[in-house]
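Shown next, in structure tokens, is the structure this report addresses.
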Amino acid sequence: VFAVVAPWGVGKTRLGYEIVAQVNGTSRGWRYRLPGGALADAHIFESDAVREQYLALYIRYSQIAHAQLNLDNWFAPAVYKALTPLAKASFDGSIQHQIAKQSHARLMAEGFDAARLAEAMELGKHDEAAIYGETALATRLCNAAYDVLKTFGIRYVTVVVDELETAAERATGGM
């Protein structure tokens with residue numbers, strides 16, 4: 001878990017999108033300037049074999065915000081909610097769902113079965129209050145989901161949680 005902290009408009013969201021794109025193999029290119037001014041391609045993985053061990057998902061903070069969410073219990077519910085579109089294999093036009101759809105397409109080449117993931121996550125068996133209020137339950141369900149994902153070669157799950165601005169930052173455009 002790491003945080004990117006910078007003033008509004010610096011490119012935190014762009015960084016999150018690029019990390020996801022590099023994991024999903026959809027990056028159009030990411031460049032940085034070398035000393036002397038020349039541009040070079042940036043890659044966060046040393047090889048496709050390493051990249052394929054990662055699963056990238058995306059969720060906005062507003063999609064996981066809940067009265068029971070706090071510093072001690074946010075992680076498992078966020079991962080659970082980010083995995084849900086993948087487990088349902090149902091995608092709308094949102095950024096979160098389009099990224100889950102990319103991840104789904106990658107996993108399909110490995111024989112992925114969304115129903116297995118949904119079963120491990122016990123989708124439909126627990127209400128939102130339980131997912132947020134029972135840390136042990138959310139953690140158990142995420143661990144069960146991870147066990148399923150490991151059978152498809154996934155060793156690391158990357159979840160970009162975006163738009164963590166405060167109400168004041170949203171109201172003033174970060175100024």
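Were the residues from Q68 through E128 laid out at 0.36 nm apart, the gain over their Cα-Cα distance would be 20.6 nm. Farthest toward the positive end of the dipole of the chain, out of A120, V148, Y132, is the Cα of V148, where the dipole comes from beta carbon charges about the Cα centre. Taking the DSSP bridge list for the chain and keeping only pairs wholly inside it, about 30 percent are antiparallel.
If only the Cβ of Lys and Arg carry +1 and only the Cβ of Asp and Glu carry -1, the dipole of the chain around its Cα centre is close to 400 debye. Would you please classify the overall shape of the chain from the alpha carbon gyration tensor, given that a ≥ b ≥ c denote the square roots of the eigenvalues, rounded means a/c under 1.5, and beyond that prolate means a/b larger than b/c while oblate covers the rest? Oblate. Within the straight-line cut-off of under 17 Å between alpha carbons, the lysines reachable from K81 are K101, K125, sequence neighbours fewer than 8 places apart in one chain being disregarded. Note on the range 1-41: the alpha carbon radius of gyration divided by the globular reference 2.2 N^0.38 Å gives 1.36. Its Kirkwood hydrodynamic radius, worked out from the mean inverse distance over all distinct Cα pairs, puts the range 52-151 at 13.7 Å.
When a/c reaches 1.5 or more, the comparison of a/b and b/c decides; with that in mind, is the range 1-98 rounded, prolate or oblate per its Cα gyration tensor? Judged from the Cα gyration tensor, the range 1-98 comes out prolate (a/c at least 1.5, a/b above b/c). Is the C-alpha gyration tensor of the range 49-97 telling us rounded, prolate or oblate? Criteria: a/c under 1.5 is rounded; beyond that, a/b larger than b/c is prolate, otherwise oblate. Since a/c reaches 1.5 but b/c is at least a/b, the shape of the range 49-97 is classed as oblate. Phi angles across the range 38-45 convert, under the Karplus curve 6.51 cos²θ - 1.76 cosθ + 1.60 with θ = phi - 60°, into 3J(HN,Hα) values of 5, 8, 10, 6, 10, 10, 8, 10 Hz, Gly and Pro given as x.
Determine the sum of side-chain charges near M121: Lys and Arg each +1, Asp and Glu each -1, restricted to other residues whose C-beta is under 15 angstrom from that of M121. After counting each charged neighbour, the total is -1.
Overall dimensions of the range 99-165, expressed as equivalent-ellipsoid semi-axes from the Cα gyration tensor (√(5λ), whole Å, largest first), are 22, 17, 11. Accessible area ranking (1.4 Å probe, heavy atoms, ligands and nucleic acids excluded), largest first, for M108, M121: M108, M121. Annotation for the range 1-106: GluC sites (Glu not before Pro) lying in DSSP loop with at most 16 further Cβ atoms inside 10 Å of their Cβ are E46. Using θ = phi - 60° in the Karplus curve 6.51 cos²θ - 1.76 cosθ + 1.60, the 3J(HN,Hα) couplings for the range 94-110 round to 5, 4, 4, 6, 5, 5, 4, 5, 4, 5, 4, 4, 4, 6, 4, 5, 9 Hz; x is entered for Gly and Pro.
Give me, ordered by chain and number, the residues 5 or more places off R60 or on other chains with an amide H under 5 Å from its own placed amide H. The answer is D162.
The values are calculated or read from the model by the stated rules, or taken from the named source; none is laboratory data. Keep in mind that what you see is a predicted model, and the values were worked out from it rather than measured. Don't worry about glycine lacking a Cβ; one is built from the backbone with ideal geometry, like all the others, and counts go over all protein chains shown. Note: areas computed on protein heavy atoms with side chains; ligands, DNA, RNA excluded. Shrake-Rupley method; radii C 1.70, N 1.55, O 1.52, S 1.80 Å.
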